[in-house]
Structures are given as structure tokens and as C-alpha cells.
Amino acid sequence: MTSPLVLVPTAPQPLELEALERLRLLRLWEEPDPAAALARNGADVVAVANPGGGPLGTELLDELPNLEIVAHFGVGYETVDVAAAVSRGIVVTNVSGSNDAEVADTAMGLLLMAVRELGPAERYVRQGRWAREGAYPLAELSLHGGTLGVLGIGGIGRAIARRARAFELDVAYHARNRREDVDLPYHATVVELARAVDFLVVAVPGGSATHHLVDAEVLEALGPRGVLVNIARGSVVDEDALIAALRSGGIAAAGLDVYQDEPNVPAELLELDNAVLLPHIGSATVPTRREMAEAGVANLTSWFADGVPLTPVPEARELVDR
Ligand code: 8YV
């Protein structure tokens, strides 16, 4: 029996390809005429692997009449039209749980950089200013004695909360619903959370439900000594409002790993010394990306062997539990 055919629409990273090569692949990104390749082989495809994390919608699904499963290789899956897939009985999986620690570490790094001005302080040494001008000015803010608010309390939010507690911070959270299994103070709205904390870390999924959840009102509630960290998706934060708040001193600083229009970072942000800017590297280490790739492939092999996806996205669970 031939093994199931897995379509890979866009070019994977080398270590993702290494994991994927254990499967029988239709390597669409290498096809000179992808439309013709799909017309030829689309009916044989039973699975899509989406390592690039690119958009995946009805246009592609229409070409794949026998598709059973889409394995997305990221945790965030807002680029996949899950509703369209599920309505056709297609299971969608992500790699939930495979990068919690790495992304949470990045969040703490951004927080420390923003609060303690580590970027400008490091540049001060490199520019020879320490020897020329003397000690770097005292940082206005300190992590100690502060309260950190986590917006979103999934695996990544919880990992951030654990780290924050190890830093002896008080921790509170907001999520759509209070979680009985989370032993932290809950705030019913984002504004209330922002008002109650010094540091607000965004860890909710992207997509339309969270678009501009952090807006001018939330930033105002965070206040002039507040710090915003975003390791989630750029779409969650109103970037114009953030730039305005950083410029006017409406908030003290921000640490960003994600942006509204990646990889384009607005020039206004690049000019601001109170913004720490990383190029979406939350999970970008070899060990973690390998783990994510293995988790993506494991969903497929488990599906092929037993008809059981390991980490279906919540919207697809109804298909699995039937
Ligand atoms: C990756 C991420 O950048 O898992 C996610 O949702 O945002 C990141 O870990 C993404 O998977 C792109 O490869």
C-alpha cells in the first residue's frame, strides 16, 4: 500500500523539511507550475502540512477533494480558514504546547530589556560613551515590587505567569473567561487588568476575535509608568495608538516581537528608544523549532496510523470527539 500523500504548499525551513521527509510529499513549492501539479495530484492528497504558516483557505481546499487533515506547524493558526476546513469535515491541528517555554522566555527577555533599558545601555558601551561620559543614567523603572498582567492564559500565558512569579512579581490575568484551574487574580476586562498592573504581556491568539484588543483606552489604563510586551500577534495591538502612547509618554516603554505588517516595522517605532524591537523570534531556536516540526509531523503520523490527531485546534474537536 502506498503511504498517504502530504501536500506542502510553501517552502519549509531545513529542519522542518528534515522532519517532513519521513512522509510522502507533494512539494508544491518546487513545482514549476503549482496549479498544474495540483490539478494532476490534488485528488490523491489526504493531508496538508503547513510549515510556513502561510494563508490556507478555500482556494486550496477546493483543489483537494479527499483531504482529511491540515497540520499547521505553528501554535497560532489564524492564517488557516478553520471554519471552512471543519465544515468540510477536515481536521485541523496546530503544535500547541511545543513552544510555550521558548516564547515565555522571549517575553521575559523583552520585559527586562524594556524595563531596565538594556538595549540603549548596551549601545552606550559599544559607542564608547561609558568611558567618555561616565555612568549610564539610572533607569526610571524597576521590575521589583511590580505587578505583571497576562492577557490570555493558554500554555504560553501560564508559562509567562510562572516565570513572573519566579521574578517575585505579583501576577494577574484576563482571558475571555475566568479559569477555575488558574490560581491568579482575574480581571473581567482588559482595561481593568491594564489599570491594575505595571507590565502587560499580550499572549492571546491572533485573528478577528482579538483584533486591536489592546487599544488607546487600554494603553491609557496602563499609564505613564506602564510597559507593554507583545509576543502574540501584531494584530492584537493598535499599533498607531501604541506609537502615540510611546511618543507622548502615555506609557513608559514597549517590548515587541510581533507587528501588524511583518516584516515591515513602522519607521516611527524604529525611531523610538523606549521600544524594544525583535524580529518575531519568540520560538526561533533550533531545539524548539525542531520540537515544533516533530509535533506537526506527529499529528500526521498519528492520524494516518490510528485516525487520532494529537493536538486538534479547539474548533476541530467536534470532528474528533464524534
Ligand atoms: C513562529 C509562532 O514564528 O507558533 C507560532 O504561532 O508565532 C511562531 O512560533 C511561526 O510558527 C512561524 O513559523
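Can you tell me which condition residue 294 does not meet? The list is (1) open to solvent by 60 Å² or more (accessible area, probe 1.4 Å); (2) more than 16 Å from the ligand (Cβ to nearest atom); (3) acidic (Asp, Glu), and all the others hold.
(2)
Determine if the stretch 215-223 includes at least one residue that is of a type in the set (Asp, Glu), over 16 Å from the mean Cα position of the chain (by Cα) and within 18 Å of residue 147 (Cα to Cα). Write out each step before concluding.
Our first condition is that a residue be of a type in the set (Asp, Glu); within the stretch 215-223, this holds for 215, 217, 220.
With over 16 Å from the mean Cα position of the chain (by Cα) added as a condition, the list becomes 215, 217, 220.
If we keep only those that are within 18 Å of residue 147 (Cα to Cα) as well, we get 220.
Yes: the stretch 215-223 contains one or more residues that are of a type in the set (Asp, Glu), over 16 Å from the mean Cα position of the chain (by Cα) and within 18 Å of residue 147 (Cα to Cα).
What number of residues in the stretch 239-271 are surrounded by fewer than 18 Cβ atoms within 10 Å (Cβ to Cβ), away from the ligand (no atom under 16 Å from the Cβ), outside any loop (DSSP other than H, G, I, E, B) and among the charged types (D, E, K, R)?
Residues flagged as surrounded by fewer than 18 Cβ atoms within 10 Å (Cβ to Cβ), away from the ligand (no atom under 16 Å from the Cβ), outside any loop (DSSP other than H, G, I, E, B) and among the charged types (D, E, K, R) within the stretch 239-271 amount to 3.
Please enumerate the residues belonging to the stretch 63-120 that are within 13 Å of residue 53 (Cβ to Cβ), among the small types (Gly, Ala, Ser) and under 15 Å from the mean Cα position of the chain (by Cα).
74, 76
How many residues does the stretch 24-59 hold that are part of a loop (DSSP other than H, G, I, E, B) and more than 28 Å from residue 205 (Cα to Cα)?
3
Condition check ((1) touching a residue at least 12 places away in the same chain (Cβ under 8 Å); (2) within 16 Å of the ligand (Cβ to nearest atom); (3) of a type in the set (Ser, Thr, Tyr)) across all residues:
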site	(1), (2), (3)
75	yes, yes, no
80	yes, yes, no
84	yes, no, no
89	yes, no, no
103	yes, yes, no
107	yes, yes, no
120	yes, no, no
131	no, no, no
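For the stretch 60-79, give me each residue that is open to solvent by 10 Å² or more (accessible area, probe 1.4 Å) and either touching a His at 6+ places or on another chain (Cβ under 6 Å) or in a helix (DSSP H, G or I) (or both).
The answer is 60, and nothing else.
Here are some conditions: (1) part of a loop (DSSP other than H, G, I, E, B); (2) touching a residue at least 12 places away in the same chain (Cβ under 8 Å). Residue 115 meets all but one. Which one does it not meet?
For residue 115, the failing item is (1).
Does residue 317 count as within 14 Å of the ligand (Cβ to nearest atom), open to solvent by 70 Å² or more (accessible area, probe 1.4 Å) and part of a helix (DSSP H, G or I)? Quick ask: steps written out before the conclusion?
On the way: within 14 Å of the ligand (Cβ to nearest atom): no; open to solvent by 70 Å² or more (accessible area, probe 1.4 Å): yes; part of a helix (DSSP H, G or I): yes.
Judged against the criteria, residue 317 is not a match.
Being more than 20 Å from residue 304 (Cβ to Cβ) and away from the ligand (no atom under 16 Å from the Cβ) is the filter; apply it to the stretch 40-59 and report the residue that is surrounded by the fewest Cβ atoms within 10 Å (Cβ to Cβ).
Out of the qualifying residues, it is 59.
Taking residue 136, is it open to solvent by 10 Å² or more (accessible area, probe 1.4 Å), more than 25 Å from residue 201 (Cβ to Cβ) and part of a helix (DSSP H, G or I)?
Numbers: open to solvent by 10 Å² or more (accessible area, probe 1.4 Å): yes; more than 25 Å from residue 201 (Cβ to Cβ): yes; part of a helix (DSSP H, G or I): no.
Spelling it out, it is not the case that residue 136 is open to solvent by 10 Å² or more (accessible area, probe 1.4 Å), more than 25 Å from residue 201 (Cβ to Cβ) and part of a helix (DSSP H, G or I).
Scan (1) open to solvent by 30 Å² or more (accessible area, probe 1.4 Å); (2) more than 20 Å from residue 106 (Cβ to Cβ); (3) under 20 Å from the mean Cα position of the chain (by Cα) for the single condition residue 163 breaks and write down its number.
Result: residue 163 fails condition (2) only.
The values are calculated or read from the model by the stated rules, or taken from the named source; none is laboratory data. No experiment lies behind these values; they were computed from the predicted model shown. Note that we place each Cβ from the backbone using ideal geometry, even for glycine, and neighbour counts take in every protein chain shown. Accessible surface areas use protein heavy atoms only, side chains included; no ligands, DNA or RNA. Shrake-Rupley method; radii C 1.70, N 1.55, O 1.52, S 1.80 Å.
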